[in-house]
Each structure stands twice: as structure tokens, then as C-alpha cells.
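Structure first, then comments.
The values are calculated or read from the model by the stated rules, or taken from the named source; none is laboratory data. Since we're looking at a predicted model, the values are computed, not measured. Using ideal geometry, Cβ is built from the backbone for each residue, glycine included, and neighbour counts are taken over all protein chains shown. What goes into the accessible areas is simple: the full protein's heavy atoms, side chains included, and nothing from ligands, DNA or RNA. Shrake-Rupley method; radii C 1.70, N 1.55, O 1.52, S 1.80 Å.
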Amino acid sequence: MRNDPQVHTARLVAIAVAALTFLSCGEREVTPPPGQNRLAFETSPYLLQHKDNPVDWYPWGEEAFEKAKAEDKPLLVSIGYSSCHWCHVMEHESFENPEIAALMNELFVNVKVDREERPDVDEIYMTATQLMGQGGGWPLNVFVTPEGVPFFGGTYFPPSGGQGRPGWPDVLRRISQAWREQRDKIDEQNPRVLAALQGTSVFEAQESVPEVALLDEATGQLATRFDEVWGGFGGAPKFPPSQALQLLMRRYRRTSQPRDLEIVDFTLRKMAHGGMYDQLGGGFHRYSVDQEWLVPHFEKMLYDNALLSRAYVEAYQLTGDAFFGRIARETLDYVLREMTEPEGGFRSATDADSEGREGVYFVWKKAEIEELLGDDAARFMRAYGVTEEGNFEDVHHPRQPGEQGMNVLHVAVEPAELAKQDGITLADLEERLARGREVLFEHRQGRIYPGLDDKVLTAWNGLMISSMAYAGRALGEPRYVEAAERAADFVLRELRTDEGRILRTHRGGESKIPGFLDDYAFFAYALLDLYEATFDLRW
């Protein structure tokens, strides 16, 4: 039985279903308010974004699966997260459309899942979708049997077909038809899907610790993928390689191989100079859509900024270069300013969108900067690559004829070179640029802020607590250590049961969902970093 793939994966799904109700606070309402669905009773900002949809959404749990069994319907499990741009697009195009929603309600039992709350559910169904030959990503839309077995999945679907993609209503009808008319094929496929899933989730423990040669091989492979022009590894889209850089720094510390440090130094500078880094407010966006770190996908995630700030602190320790220390401080100051709850916990993410448009909070027209900075505008725009044409195009809102383009600020000219060109000292230039950044930042504060996911996740808080504690010690900044202690106190107070078990998520006074391995591991690591920063035996 232990090796039976159907039993193994069915158990995973059953545990994921049952875990939802563990330690939930009080009795839940069963009848949603008029015009809303069952997601109105959830705490996840992502689920609450869908509470007014005409789709009869269920949260992940036994109720949805029991309904599917009773009505002999497949379930549509739709997975995403609050700061996901394409999740918003599909919601507006399809889930808010009454006709499409009616079709979904007629043919399926519809379940919404926040992947940040339920990484277990996301892992099972994302893996299954990729094993079926579909690309990964979010929103993830998976069709599953009443027993929880996936039989078809995909990501974003437009409301109508075109450019080689089927429309969402066509997908719904075809899947429903297959369920009614080809059930035997689905039943025949299920064991193969379950067996493939088991193959990705069963690992053999090794008796020995990995040898140093394995790490050398890994760093050698990184070097072969290094982008000599823009830094990082591979091509577009580019995600910040925080942990790969930390590995290279540790290897440099051990072997003094200059190539390791060259890769780290070059990549960290290119990322911090690009548009993926918020040049005005600090902190890093999720990833760069191009190879140059120029145009970001504009959401900001707590875990990215935790990992990146740590990498910049370690680079500062290794090199003594104040530039790396500055980027680390600006990133952590952004977290203290915009991502910290009054009670001490750290928020999860900010959205890519505001005012229904991607990136509009962060980008600039040339005329705006000229009006705000006056005589200093020309030099500032040269420094940060601002042009009439712009470098960012919102595909959902194309620029009108004669309209100025939008610009993502990035360091287009090295400050030392710009100072030389203009015949001023570097100190004078940096003072003027800092003044310009401050003016633009204050003006930006008056814009509509992107959507905020203010749930507190134990794992991600663990990462940020580690970074705050480590940076406070390395940079001589007690305020970071104090922030780390407040956040750790919050987790221990709000996200730990009387028996000492960790819970996954907290929002609106409610903590729920048993903690996963990353919650325990990252929070334990955070407590060790706090102890090393304070020598307080409590941690």
C-alpha cells in the first residue's frame, strides 16, 4: 500500500482538503450575503477579491467535493494569488462576466484557492498540469474529479478564442462534454496521472552529506549560464537569483576564485541599476520581463525582498562596498515603511496593478518630471533614462497617437560618468539626484496605491526576520533587529497554537491552516539569526 500511487496521491489530496478546517475560528456562516459568494467569509485578500463574482465560488474544502460527488460534476480548481496580474485579467474578462459565470456554475463546482495560503494544493495541481504537457503559471485552472484527481489543466484563457488560444467558454464546454461522453478515458487516465505525481513527490534519503565537489559542479554550471552583458543567468524573463549569488559568495569565501565574485558583483549592480529595482522607494519588483532588468513585472513580494536584501548585505560584508549596503538599507526601509503591520508582522505583497492598470503607480511621463523638477529635470532624466518615447507599454491600454510614452526609471548613466560629463563633483550630482528622487517620491505618494496583500505568512515572515536581524547586526542598524524581534513576537503570539504548533497565515484577527515545512524551517532559521543578533536566549 505504501507504494500504491493512487493511495499515495489520494492521501495528499485528502489531507489538503481536511486541513482547511483545522483550527478555524468559530462557526462559519453558510449563506453568503446577497450578491456575494462563499468567499465572503474568507480572510485571504485574493479570495476576497472574488467574493462579488457571479461565479458560485467555493473555498477549498470538503463542502465543494461533497457537492461534486452528489451532482456527479467535475470541479474547476482555479488557483492564483492577490498580486498576480494575469489573475486579475482573467477575473475581469471571464469571472465577472455573467454569461461565462452562468456557464461555469451550470457545468462545474468552482473552487478558488490562494496558492500562498495553500502551497500544497498548488504544488499537486501545478505539477499535474505540467506533466500533462501544459505550461506552468498563474492563474492555474485545473479540472478535477470529485475524488480530487486532475484530468486537464491550463493557465490563462481569454474570454474568446484567437491567436492559437481557445476561448474560456469553449474550454468549459469541451471539458464538460468530455466528462459526460468520455468518462471511461478519464478513468483510464487517472492512474497514470497519479503514478506520475507520485514519481515527483517520493525521494530517497542519502546516507552521506553532499561532497564539496557537487557544489563546485553547481557553481561551474552557473558560470556557463552567466549573462556577460547584463548579469544574472539565462535570458528573459529574468528572476533575481538570490540564492545562486549567495552560493557563489560562499564559494568565493572558501576558494578565493575571483570569477565567483565577479559574477556576484556584476549581477547585483545590474539588478540595482535596472527598473526591476524601485529607484524612488526602494525594494525589488518580482522579475524583469526582459534580459536587461529594465521593465519589471511590477508586483513586490516580501520573500524576494527578504532574500535580495540578505544577498546585498552579504556582498557588503564580502567587499566593503558601500553601494551594496545602501541598496540593502533602502530595501529594508521600504519593508519597514510599506510592508509592516502595526502589530509587527510583515505583509505579503503589493500588486502590479492600480487603477486597473499594470505599473501605473511606478511609471512616469517626461512632461510630469519636467513639471516637478524644473531646471533639474534634464539632468535627472539623463541619469534615469527618461525619454519622450518611453520604455514601457501597457498591452491592455495602448498609447494613443501623440501621447507621451511611459518610463520605468533606471540608472542609464553611471553617476561618476554623468558628473564628469556635466563638470560637477560626484557629491554634488548625487545630492541633486537625491533631491529629485525625493520630489518624485512625494508626488508618487499621492497616486492610488497598488493593491495590498496584508496577510501575514509565517514562512515569508521567517525569511524577512532573518534578513532584518542579519542586516541589523552586519550594518550596525539596531532598528532592523528591533523590527525582527517585533515580527518574531507576532508570530509566536498569533501563529502558534497552545501545543506549540505553527499556523500558516494570519489576517483580520484570525490565524488558520497548519504550518507547512517551509513555515517551520524558515521561522526556526529566523530565530537562530535573531539569537546571533541579540544573544537573547529566548530566541
Matching option when the condition is open to solvent by less than 40 Å² (accessible area, probe 1.4 Å) and touching a Gly at 6+ places or on another chain (Cβ under 7 Å), among 158, 169, 150:
158
Residue 474 passes all but one of (1) part of a helix (DSSP H, G or I); (2) touching a residue at least 60 places away in the same chain (Cβ under 8 Å); (3) within 25 Å of the chain's Cα centre (by Cα); which number fails?
(3)
Subset tally (residues that are within 15 Å of residue 378 (Cβ to Cβ), in a loop (DSSP other than H, G, I, E, B) and either open to solvent by 50 Å² or more (accessible area, probe 1.4 Å) or of a type in the set (Lys, Arg) (or both)) for the range 420-435
1
One residue is enough: does the range 334-344 have a residue meeting the conditions at pLDDT 95 or above, more than 28 Å from residue 489 (Cβ to Cβ), surrounded by fewer than 23 Cβ atoms within 10 Å (Cβ to Cβ) and among the acidic types (Asp, Glu)?
no
Please work out which residue is most open to solvent (accessible area, probe 1.4 Å), limiting yourself to the range 492-532 and to residues that are touching a strand residue (DSSP E or B) at 6+ places or on another chain (Cβ under 8 Å) and of a type in the set (A, V, I, L, M, F, W, C).
516
Tally, over the range 391-419, of residues that are in a loop (DSSP other than H, G, I, E, B), open to solvent by less than 60 Å² (accessible area, probe 1.4 Å) and either modelled with pLDDT of 95 or more or closer than 18 Å to residue 270 by Cα (or both)
7
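Is it fair to say residue 432 is in contact (Cβ under 8 Å) with a residue 40 or more places away in the chain and under 30 Å from residue 246 (Cβ atoms)?
no
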Conditions (1) modelled with pLDDT of 95 or more; (2) buried (at least 18 other Cβ atoms within 10 Å of the Cβ); number of the one not met by residue 262:
(2)
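Which one of these is surrounded by fewer than 21 Cβ atoms within 10 Å (Cβ to Cβ), of a type in the set (S, T, N, Q) and at pLDDT 95 or above: 267, 319, 331?
On inspection, the qualifying residue turns out to be 319.
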Conditions (1) touching a residue at least 12 places away in the same chain (Cβ under 8 Å); (2) part of a helix (DSSP H, G or I): number failed by residue 177
(1)
Enumeration of residues in the range 200-228 that are acidic (Asp, Glu), under 15 Å from residue 264 (Cβ atoms) and open to solvent by less than 100 Å² (accessible area, probe 1.4 Å)
227
Being farther than 28 Å from residue 469 by Cβ and either over 16 Å from the mean Cα position of the chain (by Cα) or surrounded by 21 or more Cβ atoms within 10 Å (Cβ to Cβ) (or both) is the filter here, so list the residues in the range 294-312 that pass it.
294, 295, 298
Tally the residues that are assigned to a strand (DSSP E or B), touching a residue at least 60 places away in the same chain (Cβ under 8 Å) and of a type in the set (Ser, Thr, Tyr), restricting the search to the range 55-100.
1
Take the residues of the range 229-256 that are open to solvent by 80 Å² or more (accessible area, probe 1.4 Å) and part of a helix (DSSP H, G or I): which is nearest to residue 284 (Cα to Cα)?
243
Residues that are farther than 30 Å from residue 506 by Cα, open to solvent by 70 Å² or more (accessible area, probe 1.4 Å), at pLDDT 95 or above and assigned to a loop (DSSP other than H, G, I, E, B): does the range 364-382 have at least one?
no
